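The values are calculated or read from the model by the stated rules, or taken from the named source; none is laboratory data. Computed from a prediction, not measured in an experiment: that's the story for all the values here. Note that each Cβ is placed from the backbone with ideal geometry, even for glycine, and that neighbours are counted across all protein chains shown. In case anyone asks, the SASA skips ligands and DNA or RNA and just uses the protein heavy atoms, side chains included. Shrake-Rupley method; radii C 1.70, N 1.55, O 1.52, S 1.80 Å.
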Amino acid sequence: QVQLVESGGGLVQPGGSLRLSCEASGFTFSNYAMSWYRQVPGKERELVAVITSGVGSPNYARSVKGRFTISRDNAKNTVYLQMNSLQPEDTAVYYCKAALPWRLGGDLWGKGALVTVSS
């Protein structure tokens, strides 16, 4: 069974930091690109960061570049999103996604982790 399990969401004050984790199972983790998306009610889901397969090369949305860091630990089958200098506009449900091929079920999504940035 392919699965992504997220953790690390919660409430943080503006300017604070939070690290999201997404642990994968059921597929060869290192073979596939991983991404983080976020979504707020009434808006489209937004791509936040992507990391390519293998060792991984990161790319970021302009809105988070310089503040967020995506990384992966293939030995732990886990992708991370380190979020620094958080602001209220970062409040969203954050989703982890694996770019799986059709034969493995297509793109795989986590259930989402709520991040609330508020004083």
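Once backbone amide H atoms are built at 1.01 Å from N, residue 68 has 84 as its partners under 5 Å, excluding neighbours fewer than 5 places away on the same chain. Between residue 55 and residue 104, the contour length at 0.36 nm per residue exceeds the alpha carbon distance by 15.5 nm.
Label positions at residue 19 and residue 43, each projected 7 Å from the Cα along the C-beta direction, are separated by 2.6 nm. What residues have an amide H closer than 5 Å to that of residue 33, excluding those fewer than 5 places away on the same chain, when H is modeled at 1.01 Å from N in the peptide plane? Close amide H contacts, sequence-distant or interchain: 53, 99. The share of accessible area on the chain that comes from carbon and sulfur is 48 percent, using a 1.4 angstrom probe.
Residue farthest toward the positive end of the dipole of the chain, with Cβ of Lys/Arg at +1 and Asp/Glu at -1: which of 60, 13, 80? Toward the positive end, the furthest listed residue is 60.
For the stretch 78-119, the set of trypsin sites (Lys or Arg not before Pro) satisfying both a DSSP loop assignment and a count of at most 12 other C-beta atoms within 10 Å is given as 111. Loop-located GluC sites (Glu not before Pro) in the stretch 1-91 (DSSP state not H, G, I, E or B) with no more than 15 neighbouring Cβ atoms inside 10 Å: 44.
Here the label points at residue 11 and residue 31, each 7 Å from Cα along the C-beta direction, are separated by 4.3 nm in the simple model. The charge dipole of the chain, taken about its Cα centre with unit charges on the Cβ of Lys, Arg, Asp and Glu (plus for the first two, minus for the last two), comes to roughly 120 debye. Our coupling estimate for the stretch 61-77, obtained by passing each phi through the Karplus curve with A = 6.51, B = -1.76, C = 1.60 and θ = phi - 60°, is 5, 4, 5, 10, 4, x, 10, 10, 9, 9, 8, 9, 10, 5, 5, 9, 6 Hz, Gly and Pro reported as x. Computed from phi, the 3J(HN,Hα) profile of the stretch 29-38 under the Karplus parametrisation 6.51, -1.76, 1.60 (θ = phi - 60°) reads 4, 5, 7, 10, 5, 10, 9, 10, 10, 9 Hz, with x in place of Gly and Pro. Between residue 71 and residue 114, the distance separating the two model label sites (each 7 Å from Cα on the Cα→Cβ line) works out to 2.9 nm.
Solvent exposure of the chain, expressed per residue, is 54 Å² of accessible area, with all protein chains present and a 1.4 angstrom probe.
Taking amide H positions as modeled 1.01 Å from N, with prolines and chain starts lacking one, the residues under 5 Å from residue 48 and 5 or more places away or on another chain are 36, 37, 38.
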